[in-house]
Each structure stands twice: as structure tokens, then as C-alpha cells.
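K.L.:
Structure provided below as C-alpha cells; questions to follow.
The values are calculated or read from the model by the stated rules, or taken from the named source; none is laboratory data. This one's a predicted model, so the numbers in the text were calculated from it and none came from an experiment. Counting neighbours? That spans all protein chains shown, and the Cβs are built from the backbone with ideal geometry, glycine included. Ligands, DNA and RNA are stripped out before the accessible areas are found, and what is left, the full protein with its side chains, is counted by its heavy atoms. Shrake-Rupley method; radii C 1.70, N 1.55, O 1.52, S 1.80 Å.
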Amino acid sequence: MQKFILRRLAITVVTLILVSLIVFVMARASGDPRTLLLDDYASTEMWDELGVELGLDKPLYIQYAIFLGDALLLDFGDSVIDNQPVTATILERLPATLQLGAAAFIFSLVIGIPLGILSSIKRDSFWDQVGKLVALLGQSMPPFWLGIMMIFFFAVMLGWVPPSGRYDWNSFVLPAITLGWFTVAANMRIVRSAMLDSLDTEYIKLARAKGVSETQIIWKHALKNAVIPPLTFMGITLGTLVTGSIVAETVFAWPGIGLLAFDALRQSDYSLLQGIVVFFAVMYLGTSLLVDILYAYLDPRIRYS
Amino acid sequence: MANTVLATRPPSAFNITQWWRKLRRRHVFLGISVFLLLLVAGTGILAPLIAPHDPHKGNLADQKLPPAWIGERTTTKTVVEFPEPGLSHRQISISRAQRIDPNAALGGEVQVILREGGNSRYLLGTDDLGRDILSRIIYGARISLIIAGVTLGIGGAIGTGLGLIAGYFGRLVDELLMRIVDIFLALPLVLVALVLVVAVGQSFFITTMVLVLFIWVRFARQIRGEVLQLKTMDYVSLAKVAGASTPRILFIHLFPGVINTLIVVATLQVSIVILVESTLSFLGAGVPPPTPAWGSMVADGRDFLADAWWISTMPGVAILLTVLSLNLFGDWLRDRLDPKLRQLN
């Protein structure tokens, strides 16, 4: 178990370092920040002075060490556009992103798991076909387009929900569906195949032979073992929610970190974007690390694979 | 066994399940998919010959024309001297009415065209700059094809090469390469793409590079697993005993054995490449404008949903149908060529 945790931790740390390295190298590749901060009439002394202030006079590896140290202290400097500290801006947007993520996560469980169960116990029935269709569309439909189409139907044509923004509960509906769409299909597929595997095991056959009713077999015996696999994928699920939030928040002008990333992209606000990327990467890698450790704790087989 | 519950149900007159199964059996969907894929590939390759209009040049007189099958939208307005404020949707001033119908008189009614009807010159309508959407979709197919081809070519070659090496040499080499694969799988690539774009700008090169980073690992993992099994075969040991060089064993003896896997992985990866590429171009981090990419076309239409829904809808339908066809075709190919892979996906 310890070995497993150590290995996962090492991978996570190396990935984070790689992300920070990409961010750092790209920041230098994008040009000297002084060209943005100083105007054309700045003297050479001012130029050098600012270089010392920003640490640009030091060798690159020391600059990187300083960048890493600041990142560990959650200090990403100020936004180039509005001069606000990046960390404060991100934290301000965090609740909106977390709320939307939670809504999407709940949506994907509430729709995905029952659909998976239904399609597995009634194979080749109507519900099974619905499930397969959902799985196929989940893989094939780009979420940003789904979001826009839903805005057109439910907000523009029918006027049931607001087209964008974050107000009442009903402004959650479309963004949550857009964000959770891919995950619904994934959950459905996983639960379905887990249920089918579980229904095919010896202990189910024994229960049948003993005359246990079909309802009891499905709900008491099979289901318990079929809800574990979606847990394994929760790490991946949460990861897709983090990346997906950029798309969903952009489509619905949802005032979270994803929209902030999109705005930073459009305004070429590099310091803001690098803060967001490191923040998202930590969230993404941190959650999948936690989920993996939790799952390895629950299921010993994972530790040795 | 679970079907025993079903079997007791009386057969209904119209059984949607049976109907669906029959369709499946006849491979109708597969046929449609292959047809659509050939259509996308064909139009993409022959874009300059097929596209009815220039995808970059718009005609400002033909802005936001609906698709050809949609008729004009009209309304009847009462002719008055001056429309009352707030009632302009029902009233029209006499001077403007007479421009539409010279015989219009006060108190009478005229038909006012709210939106022009579709035009057979623009089958799928035009966008806000009067550019033909069909032509842009055709050129967009070309871009998607090129990007998918280049990324799969490079990513597939890197992934297959490293997969062969990792699987064949095993031990430390394998351990090292697979850890690198783990790291790349954990990398949030859409974010990395955004960083690259802000730092060095949008370009075809950046988009393909990000996608290559994204997909080589998937090839490497699959091929490596395949090679691990293949290298235990007798013919590989025999080749070694016969004194075949390592590159010879890798490429002449092992590589042909993984070609089926390679084809299946490549087909299923194309759909992912197209989805990720369209997401990047939707966010403005893909191939730079004015090159028509499907994702950025969807983004272009966002602001005109209320009066020109087709601008966003049509390119999205193109993405959906292409990816759907690729998935159906890929699943079929997988079952055909490599049933072992079924569990992996």
C-alpha cells in the first residue's frame, strides 16, 4: 500500500513539475515582460532596474526556482490587465466553478447509474437501446455545441431558463447538463458492464439456484458490486469536469475559473492564465491522486496491478 | 439469464427492439457511417473543386441567409401614419409601406418580410459575414482531415515506435517509458494548449503539436501491451537464435503483428482528435482564422442564435455526424480485427 501511494505521489509530483516547467518556459518564450510593462521611451536604466526587480537578471534555473517557490506559496503575481493579484481573482471565482462541478457530478450520477442498471437488467429492451444511444452520443457530441443548441431551444425559443449567467437554480440546469454530458455516458457504460459482469458471477447463479427472487438478486446482490467500478473512474470523471468547465463556463458565461481562463486567453493575460493552469492542474491531479489512493484502500487488487 | 424476465412478455405488434436489431443486423448504420466518412474525406480532399463558394469571401448583401429549405418569414402589419412607440411589430408607417407595396393605403395591411427565405445558391445558408456555410464546412473538413492525418501520422509513429521498444526490451526501459506515458496521460492538455497559444500565438503547428502530445501515449500503451504478448512467441525466439538484429526483429517480426491493433487504435483516435481539435478551435486556441475550422464556426454563430441559428448548428452537425460515424466504424473494425481490444475501451 505504501509503495503504491509513493509511486502515485511521485507521478503526480513529476507531472506537476512538468506543468510548471511548460508554463515557465512558455512565459519566457512569449517574450520579455518588460516590453509590456514599459513604454518605448523608457531609459536603459529603467529597463535594467525593472529587470532586477522582476529577477530577470538571474540565470534561468534560478528564475525557475523562484517561480516554483512563489507558486508553492500560491503567489502568481499580478494580472497584467487589471493589476489584481492572480490568486485573489481565482479564489473569488472558485465557488461558482465548484457549484457547477457539483451540479454536473450529481447530474451524471443520477442519470448515468440508473440508466446503466436499467439497460443491464433489461438487455436489448427499449431502455437498453436508450442507454446505448446515450453512450454513443456522449462519445460523439461536442459539449460546446450541445450547450449552444440547448440555449437555442430552451432559452431562446421556449424561454424556460436564462440563456447564460448564474442566478437562480434554473440557471444551473443547462450548464450542468453540458458539463456532465460526457460523464453521464461514461458512468452509464461503466455501470452497465459492471452489472453484466456481476450478474454473470457464481454467487448470483447460486442465489438464483437457491430461489432468491430476481428483484432481490438485482438490488441486493448484483448492484452492490456494480457501483464500485464507477468509483474507480471518479478520478478521471473529476478530471474531465475540470477541463470541461472551461468549455461549459465559456458557453454559458458562467462566472467561474473556466470563464476566467477563456478571458485570459482572449486578452493574452499570461500571468493570470499561468495561475489558473497551475491551480487547475493541482485540482485535477490532486483529486485523481486522492481517488486512486482511496480506491486502492478499498480494493486491494489495484495496489498490485 | 437476466433475459428470462423478458421472455415471459407477450410479443407486441410493433416491437421497436426487434426493428432496431434487424436494422443493426443489416449493418444499415455501418453503411451510413462509411458513406458519411467517405463523403467527408472526399469533399475534404476535393474541396476547391466541390465548394460552391469561396469560404473566405462573403457577400455582404447575403448576410445570415437561412438554409435553402427554409422559407421567408413574414408578418402582416397595419399601415398607419406614424407607428406608436412599442407597437412597431404590428404597425408600419405609410411611407415605408408604400416602398413595399405602392398601393398601400392608411388603415390597410401589408405583408412585411421579417427574414428572407433560403436560397438554393446557399444550401446551408450564410453566416453573419455572408459567407457560404456549406463551403466553409467543406473546407473545414479539409482542415480536420489534414490535422487528423498529421497528428495520427506523427503521434502514431512515435507511439508505435516507443511501444515496440518498451514492450520488446521490457524491464527498465519499459518501466521508464510507461511512467512517461502515465505522466502524459495525467497532463491536462486543453490547459497546456491554452498556455501555448497565449505564449506563442495560434498556429497550425501548435494545434498539431498539442494533439500529438495528447495521442502518442494511447498508441504507445496499446502497442506495448500487444508486443509483451507477441515477443513470447516461438518465432521471435527463433529469429533471435538465427541472429536477426534487434531492429530487424522489431520491424520485420513484431511490427506486422501489431498492425491490426494499430489500425483499430488509429480509427478510434481520429474521432478523439477531431473532438479535441474542434474544442480547441471553439475556444479560440485552434488553427487561426480565417481558416474555416468546424469548432470556430460554431463559436462564430453564438451571438446570432436568436436570428440565425444555422450558423452554429450546421458545423456542429458536421462534427457530430463525422465523430459518430468514426465511432460506429471504429467499433465495428475493432470487433472485426481485434476482439481482444473490446475490454480495453
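K.L.:
Take the residues of the stretch A:115-151 that are in contact (Cβ under 8 Å) with a residue 40 or more places away in the chain and of a type in the set (Val, Ile, Thr): which is farthest from the other protein chains (Cβ to nearest Cβ)?
P.N.:
A:134
K.L.:
How many of the residues making up the stretch B:312-327 are more than 7 Å from chain A (Cβ to nearest Cβ), of a type in the set (A, V, I, L, M) and crowded, with 21+ Cβ neighbours inside 10 Å?
P.N.:
Within the stretch B:312-327, residues that are more than 7 Å from chain A (Cβ to nearest Cβ), of a type in the set (A, V, I, L, M) and crowded, with 21+ Cβ neighbours inside 10 Å number 3.
K.L.:
Tell me which residues, restricted to the stretch A:220-255, are free of Cβ contacts under 8 Å to residues at least 24 places away in the same chain and within 13 Å of chain B (Cβ to nearest Cβ).
P.N.:
The initial filter retains those residues of the stretch A:220-255 that are free of Cβ contacts under 8 Å to residues at least 24 places away in the same chain, namely A:220-221, A:224, A:246.
Passing the criteria: A:221, A:246.
K.L.:
May I pose another question? Hey, can you tell me all the residues within the stretch A:263-284 that are more than 8 Å from every other protein chain (Cβ to nearest Cβ), open to solvent by 10 Å² or more (accessible area, probe 1.4 Å), out of contact with any strand residue (DSSP E or B) (no Cβ under 8 Å at 6 or more places or on another chain) and touching a residue at least 60 places away in the same chain (Cβ under 8 Å)?
P.N.:
Across the stretch A:263-284, the qualifying residues are A:267, A:272, A:278, A:279, A:282.
K.L.:
Here is a follow-up. Return the residues of the stretch B:235-294 that are small (Gly, Ala, Ser), assigned to a helix (DSSP H, G or I) and within 13 Å of another protein chain (Cβ to nearest Cβ); say none if nothing qualifies. Don't jump to the end; show me each part of the working.
P.N.:
Here is the first cut: in the stretch B:235-294, the residues small (Gly, Ala, Ser) are B:237, B:239, B:242-245, B:257, B:266, B:271, B:278, B:281, B:284-286, B:293.
With the extra rule that they be assigned to a helix (DSSP H, G or I), the set shrinks to B:237, B:239, B:257, B:266, B:271, B:278, B:281.
Of everything in the stretch B:235-294, those that are small (Gly, Ala, Ser), assigned to a helix (DSSP H, G or I) and within 13 Å of another protein chain (Cβ to nearest Cβ) turn out to be B:271, B:278, B:281.
K.L.:
Kindly establish whether residue A:74 is assigned to a loop (DSSP other than H, G, I, E, B), at pLDDT 75 or above and open to solvent by 80 Å² or more (accessible area, probe 1.4 Å). Explain how you work it out, then say what you get.
P.N.:
Values: assigned to a loop (DSSP other than H, G, I, E, B): yes; at pLDDT 75 or above: yes; open to solvent by 80 Å² or more (accessible area, probe 1.4 Å): yes.
Yes, satisfied.
K.L.:
When you check residue A:260 against the structure, is it over 27 Å from residue A:120 (Cα atoms), modelled with pLDDT of 85 or more and open to solvent by 50 Å² or more (accessible area, probe 1.4 Å), yes or no?
P.N.:
On the way: over 27 Å from residue A:120 (Cα atoms): yes; modelled with pLDDT of 85 or more: yes; open to solvent by 50 Å² or more (accessible area, probe 1.4 Å): no.
Spelling it out, it is not the case that residue A:260 is over 27 Å from residue A:120 (Cα atoms), modelled with pLDDT of 85 or more and open to solvent by 50 Å² or more (accessible area, probe 1.4 Å).
K.L.:
Considering only the stretch B:135-154, I want to know if a residue exists there that is over 30 Å from residue A:264 (Cβ atoms), basic (Lys, Arg) and open to solvent by 40 Å² or more (accessible area, probe 1.4 Å).
P.N.:
The answer is yes, given that some residue of the stretch B:135-154 is over 30 Å from residue A:264 (Cβ atoms), basic (Lys, Arg) and open to solvent by 40 Å² or more (accessible area, probe 1.4 Å).
This table checks each residue for (1) in contact (Cβ under 8 Å) with a residue 12 or more places away in the chain; (2) surrounded by 12 or more Cβ atoms within 10 Å (Cβ to Cβ).
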| site | (1), (2) |
| --- | --- |
| A:153 | no, yes |
| A:173 | yes, yes |
| A:178 | yes, yes |
| A:186 | yes, yes |
| A:198 | yes, yes |
| A:213 | no, no |
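K.L.:
Then there's this: Is it true that some residue in the stretch B:185-205 is in contact (Cβ under 8 Å) with a residue 40 or more places away in the chain, of a type in the set (Gly, Ala, Ser) and either in a helix (DSSP H, G or I) or more than 14 Å from chain A (Cβ to nearest Cβ) (or both)?
P.N.:
Scanning the stretch B:185-205 turns up at least one residue that is in contact (Cβ under 8 Å) with a residue 40 or more places away in the chain, of a type in the set (Gly, Ala, Ser) and either in a helix (DSSP H, G or I) or more than 14 Å from chain A (Cβ to nearest Cβ) (or both).
K.L.:
Can you say whether residue A:191 is more than 10 Å from chain B (Cβ to nearest Cβ), crowded, with 19+ Cβ neighbours inside 10 Å and in a helix (DSSP H, G or I), as far as the supplied structure shows?
P.N.:
Working: more than 10 Å from chain B (Cβ to nearest Cβ): yes; crowded, with 19+ Cβ neighbours inside 10 Å: yes; in a helix (DSSP H, G or I): yes.
In short, yes.
K.L.:
So, one more: Check the stretch B:165-179 and report whether any residue there is assigned to a helix (DSSP H, G or I), more than 13 Å from every other protein chain (Cβ to nearest Cβ), under 25 Å from residue B:286 (Cα atoms) and charged (D, E, K, R). Full working, then the answer.
P.N.:
To start, the set of residues in the stretch B:165-179 that are assigned to a helix (DSSP H, G or I) comprises B:165-169, B:171-179.
From what's left, more than 13 Å from every other protein chain (Cβ to nearest Cβ): B:165-169, B:171-174, B:177.
Those left that are additionally under 25 Å from residue B:286 (Cα atoms): none.
No, that holds for no residue.
K.L.:
While we're here: Pick from the stretch B:72-95 the residues that are loosely packed, with under 11 Cβ neighbours inside 10 Å and not polar (S, T, N, Q): which of them is farthest from residue B:136 (Cα to Cα)?
P.N.:
Ranking the qualifying residues of the stretch B:72-95, first place goes to B:81.
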